[in-house]
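For reference, the structure is listed below as structure tokens.
Derivation of every value follows stated rules applied to the coordinates shown; laboratory data play no part. Computed from a predicted structure; not experimentally measured. Heads up, the Cβs are rebuilt from the backbone with ideal geometry, glycines too, and the neighbour counts pull from every protein chain shown.
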Amino acid sequence: MEIPVIDLNGLTGEESERMKIMAQLHEACKDWGFFWIRTIELVNKYIAQTVSLAEKLAECMSLNLGLASGYIKDTFAQPSVGTKFAMYPACPRPDLVWGLRSHTDAGGIIIMLLQDETVGGLDFLKLQADSNREEWVAVKPQGNRIFVDIGDQIEVISGGVYKRAVHRVAIGTEGRRLSNGHVLQPRRRRNHYNKKVL
Ligand SMILES: O=C(O)CCC(=O)C(=O)O
Ligand SMILES: [Fe+2]
């Protein structure tokens, strides 16, 4: 007995293909009540969209740095995309531990796609331009917005013009916290420096 496999990608195809998928789904719901969804393409699309967002940002950053539009993208080529799902359990003594201690991200462009709606804890350090004072800013999930932070490699490529972001995750007593982030970084070991900016 083969459990049905539904390919939802067909829903965006031609009408005949769409009808076929709709019928398969209908049969699976009626006759089985459980089924597989073929997600390879969905996952690929999800990652491809994240990469194209990061590449768009890389292009704008390159231009803003007075570099050729493809500079950062080419430095990262072929990019490697890492994805990380994290779960921080609730902790009875948040005064004693961090979910994630203060750090910067080693990659290039980091995109947070999912943050727990109910349990916060992500803080970023902001240097006050006027006073040299540093302040932790809480980053709360904001519905249809995607949060982006700059990793070490963008700071290096920019010759220090762009700052890698220091951040940390506090742990809460009120419940576990979930997050999902993607990192765009060079696939190969490279020496990057930027003659123009340095
Ligand atoms: O879980 C988060 O919200 C942030 C995780 C993070 O900073 C990291 O994995 O480097
Ligand atoms: Fe981080």
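Based on Cα contacts under 8 Å between residues 6+ apart, segment 1-151 shows a relative contact order of 15 percent.
Only sites in a loop by DSSP and with at most 13 other Cβ atoms within 10 Å count here; which chymotrypsin sites (Phe, Trp or Tyr not before Pro) in segment 28-77 make the cut?
In loop regions of segment 28-77 (DSSP not H, G, I, E or B), the sparsely surrounded chymotrypsin sites (Phe, Trp or Tyr not before Pro) are F34.
Simple spin-label model, 7 Å along Cα-to-Cβ: N180 to W98 in nm? Those two pseudo-labels are separated by 2.6 nm. Close amide H pairs (under 5 Å, H built 1.01 Å from N) link I6 with W36, I37, R38, residues at least 5 positions away or on another chain. The loop-placed GluC sites (Glu not before Pro) in segment 73-139, going by DSSP, that have at most 15 neighbouring Cβ atoms within 10 Å of their Cβ come out as E117.
Restricting to DSSP H runs of at least four residues, report the calculated mean residue ellipticity at 222 nm for the chain, -39500 (n - 2.57) per run over all residues, nearest 500 deg cm²/dmol. List each step's numbers first, then the result.
On the way: 4 runs with 50 residues, N = 198.
One gets -8000 deg cm²/dmol as the mean residue ellipticity at 222 nm.
A simple spin-label model places pseudo-atoms 7 Å from Cα toward Cβ; at E14 and W36 they are separated by 2.7 nm. Of all the options D95, D130, D116, the one that moves most in a Gaussian network model of the chain with Cα springs shorter than 10 angstrom is D130.
Give me the Kirkwood hydrodynamic radius of the chain in Å, from all C-alpha pairs, to one decimal place?
Values: mean 1/r = 0.0504 Å⁻¹.
Every distinct Cα pair counted, the radius reaches 19.8 Å.
For segment 34-121, the square roots a ≥ b ≥ c of the C-alpha gyration tensor eigenvalues yield an a/c of 1.5 or more together with a/b not exceeding b/c, which makes the shape oblate. Taking the centroid of alpha carbons for each part, segment 1-38 and segment 140-154 are 35 Å apart. Given R0 = 30 Å, the distance between the Cβ atoms of H26 and I146 translates into a calculated FRET efficiency of 0.30.
In order along segment 114-122, the Karplus-derived 3J(HN,Hα) couplings, from 6.51 cos²θ - 1.76 cosθ + 1.60 at θ = phi - 60°, round to 9, 9, 4, 6, 9, 9, x, x, 7 Hz, and Gly and Pro are given as x.
Shown is the FRET efficiency for L125 and C60, computed with R0 = 30 Å from the Cβ-Cβ distance and rounded to the nearest 0.05: 0.80.
With the alpha-carbon atoms as the only input, what is the per residue convex hull volume for segment 70-147 in Å³?
On the way: hull volume 12.5 nm³, N = 78.
It comes to 160 Å³ per residue, whole-number rounded.
Mind checking which of G120, P141, S158 is farthest towards the positive end of segment 46-198's charge dipole, using Cβ charges of +1 (Lys, Arg) and -1 (Asp, Glu) about the Cα centre? With unit charges placed on the Cβ atoms, the residue in question is S158.
Taking the C-alpha atoms only, the angle from helix 40-64 to the longest principal axis of the chain is near 30 degrees. The stretch between E2 and T118, if pulled fully straight at 0.36 nm per residue, gains 37.8 nm over its current Cα-Cα span. Between helix 15-27 and the chain there is an angle of about 80 degrees, using the helix long axis and the longest principal axis of the Cα atoms. About its Cα centre, the dipole of segment 5-186 is roughly 360 debye, where the only charges are +1 on Lys and Arg Cβ and -1 on Asp and Glu Cβ.
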